[in-house]
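Presented below is the structure to which this report refers.
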Amino acid sequence: MTLEGEVREAADRILNADEVTVISHIDADGITSLSVLMQAITRAGVMATPVFLRQLEPLMMHRVPKDDSLKVFSDLGAGQQNLLEEHGLAEDEVVIVDHHVSQEVDTPYLQVNALPYGHTKFSAAGAAYLVARAIDADNRDLAKLAVIGNVGDMMAREDCGLIGPAREIAGDGIEYGNVTARRDLNLFGISTRPLHICLAYSDETPVRGVTGNPQGARRFLELHGIRTRTDSGRWRVWEDLDDSERQTITSALTEQVVADGGDVEKLTAELYLFPDEAPQTALRNAAEFSTLLNACGRWARPEIGAAVCADDRGVALREAEHMLTHHRATIKELMHYILKTGVEELGAVQYIHVGDRFPDTVVGIGAGMALSKLNQDKPVLVMCSLPEDPSLTKVSMRATDRMVGAGLDLQAALIEAAAPFGGAGGGHAIAAGAYIPREAEEEFLGLVDACIGRQRTRGQA
Ligand code: C5P
Ligand code: C5P
């Protein structure tokens, strides 16, 4: 089948169903894919019920109802098709809308998955949007949610932003009018962080006197004639600046980095903004919107994120913003902890065990952020314990595009290394996770290291 064929068949099955259950993951991509599907399905007049799962694993399968509804799995399912079989789900009861590496099983479940067609920079929300558009071409307003899912899952490349089908979807949003894209300074917090804080804390490219130094960043802005407060006295944010002000700062930072012999490649990026959202809020750009949704998942309230995606700008938004504040503080703390404690270097990987200091739902995010500040030649592995189940350890791994280009595959390594202990793992070549028995930690680490070592040797051959 072709990807278009998969999309069409998924849409037809949904349109012909009496009732649908959408089962999705709790992170930003899971929440946006569920929201895209729920909105498209209910707009088509079909009844739909949402179910969020932290992971599709044996202990969670009881949450997948045993009823006559069509089960649409989004952002999960591809890698756990054996569980769907064991749950007794027949081929015609299931649609999988996913972007994870697929598992081979006897039942030929219908999947909308762009990965086998070579699209590695494409999230589940992207796949969900293709289905939504096939259900009704008028669903183009939902492209915005797919952009959030893609950005949340780090699908935008530093050099050129979203690519392939993810870029075409962003194009739908731009045409519809609720998305804009522009090349800009590579900053996080352009809508909510005071200018000097935003410049000081966006550290992808270190700038002397500015990075990590809010006072220095303030002086830098003043030196270039940029006001840091509005007439009414509130802090200005990056999105308040006009083109010429942004250009002034970008040029000045570029000059500074070049003068210090630094690399300006990551100083700019493509940013995605939402003109239909209120200015100076976390909903105004894709990076902050997706962080807000991740926060909802992390605090075990993904349904609040889904309500915000479905345009609830009342209580749900206030609760989500509250969770976002906590989430940002936790991630910051985790980053500090990893960098201060330091990682242990094995032959092919670098790892750290954070114990029960941080929830398992954030260690992967922390690992990804820490990696840019660690050894760039080895993937990072972070372990944490699960307070609710002390017999289990959660493992998260992150790599870089360059490592994956050289043949590294974290998903394959974790599946192989977890197998002898009955552990469950999955994900992508660049980001993967697993649960293993606690007593197997050391042996498991050895197996991961050996496996990554072999992948590296093969890559060099
Ligand atoms: O696929 P799963 O959606 O749940 O993965 C989420 C995590 O994987 C995100 O934190 C993201 O950072 C990472 N990821 C990535 N690059 C990919 C796919 C996922 O960094 N191509
Ligand atoms: O949890 P973390 O963010 O590290 O997950 C990275 C990727 O690995 C995600 O795509 C997640 O869905 C996947 N994963 C998995 N099985 C697990 C843990 C994570 O497929 N047991």
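The values are calculated or read from the model by the stated rules, or taken from the named source; none is laboratory data. Bear in mind that the values here come from a model prediction, so they are computed numbers and not experimental data. Positions of Cβ are generated from backbone atoms using ideal geometry, with glycine treated the same way; all protein chains shown enter the neighbour counts.
The set of residues in the range 132-154 being buried (at least 24 other Cβ atoms within 10 Å of the Cβ) and under 14 Å from the mean Cα position of the chain (by Cα) consists of Leu145, Ala146, Val147, Ile148, Gly149, Asn150, Val151, Gly152, Asp153.
Residues in the range 67-109 that are surrounded by fewer than 24 Cβ atoms within 10 Å (Cβ to Cβ), in contact (Cβ under 8 Å) with a residue 40 or more places away in the chain and in contact with a Lys or Arg (Cβ under 7 Å, 6 or more places away or on another chain): Leu70 alone.
Could you name every one of the strands (runs of 3 or more DSSP E) located completely within the range 345-461 that has at least 3 residues being closer than 23 Å to Leu76 by Cα, within 13 Å of ligand 1 (Cβ to nearest atom) and among the hydrophobic types (A, V, I, L, M, F, W, C)?
Per the criteria, 431-437.
Pick from the range 292-307 the residues that are modelled with pLDDT of 95 or more and hydrophobic (A, V, I, L, M, F, W, C): which of them is surrounded by the most Cβ atoms within 10 Å (Cβ to Cβ)? Among those residues, the one meeting the criterion is Leu293. Annotation: of all residues in the range 415-445 being more than 12 Å from Ser391 (Cβ to Cβ) and of a type in the set (Asp, Glu), the one that is nearest to ligand 2 (Cβ to nearest atom) is Glu416. Looking only at residues that are surrounded by fewer than 24 Cβ atoms within 10 Å (Cβ to Cβ) and in a helix (DSSP H, G or I) in the range 115-131, which one is nearest to ligand 2 (Cβ to nearest atom)? My answer is Leu115.
Test Ala143 against the stated conditions and say whether it is at pLDDT 95 or above, out of contact with any Pro (no Cβ under 8 Å at 6 or more places or on another chain) and not charged (D, E, K, R). So Ala143 fits the description; yes.
Give Arg236, Arg227, Arg218 a once-over and let me know the one that is basic (Lys, Arg), under 23 Å from Ala286 (Cα atoms) and in the same structural domain as Pro275 (by the TED database).
None of the other options fit; the residue is Arg236.
Here Arg318 clears all of (1) without any contact (Cβ under 8 Å) to a residue 12 or more places away in the chain; (2) of a type outside the set (A, V, I, L, M, F, W, C); (3) assigned to a loop (DSSP other than H, G, I, E, B) except the condition numbered (3). Of the residues making up the range 351-361, those that are in contact with a helix residue (DSSP H, G or I) (Cβ under 9 Å, 6 or more places away or on another chain) and closer than 26 Å to Gln455 by Cβ are Tyr351, Ile352, His353, Val354.
Each residue in the range 87-100 was checked for being more than 10 Å from ligand 1 (Cβ to nearest atom) and either within 23 Å of Ala412 (Cβ to Cβ) or assigned to a strand (DSSP E or B) (or both), and 4 of them qualify.
Among (1) in a loop (DSSP other than H, G, I, E, B); (2) within 16 Å of ligand 1 (Cβ to nearest atom); (3) touching a helix residue (DSSP H, G or I) at 6+ places or on another chain (Cβ under 9 Å), where does Ala166 come up short? Only one criterion is unmet by Ala166, namely (1). Within the range 1-55, being within 24 Å of Thr291 (Cβ to Cβ) and outside any helix (DSSP H, G or I) holds for Val22, Ile23, Ser24, His25, Ile26, Asp27, Pro50, Val51, Phe52, Leu53, Arg54, Gln55.
Taken residue by residue, the range 385-401 has no member that is buried (at least 21 other Cβ atoms within 10 Å of the Cβ) and more than 24 Å from Asp356 (Cα to Cα). Met61 - would you say it is aliphatic (A, V, I, L, M), surrounded by fewer than 24 Cβ atoms within 10 Å (Cβ to Cβ) and within 16 Å of ligand 2 (Cβ to nearest atom)? Yes, satisfied. Checking each residue in the range 50-70 for being in contact with a His (Cβ under 9 Å, 6 or more places away or on another chain) and either closer than 26 Å to Leu130 by Cβ or within 13 Å of ligand 1 (Cβ to nearest atom) (or both) picks out Phe52, Leu53, Arg54, Gln55, Leu56, Val64. Restricting attention to the range 395-446 and to residues that are aliphatic (A, V, I, L, M) and within 15 Å of the chain's Cα centre (by Cα), the residue that is nearest to Tyr351 (Cα to Cα) turns out to be Met397. Checking the range 129-145 against the condition returns no match, with no residue being within 16 Å of ligand 1 (Cβ to nearest atom) and touching a strand residue (DSSP E or B) at 6+ places or on another chain (Cβ under 9 Å).
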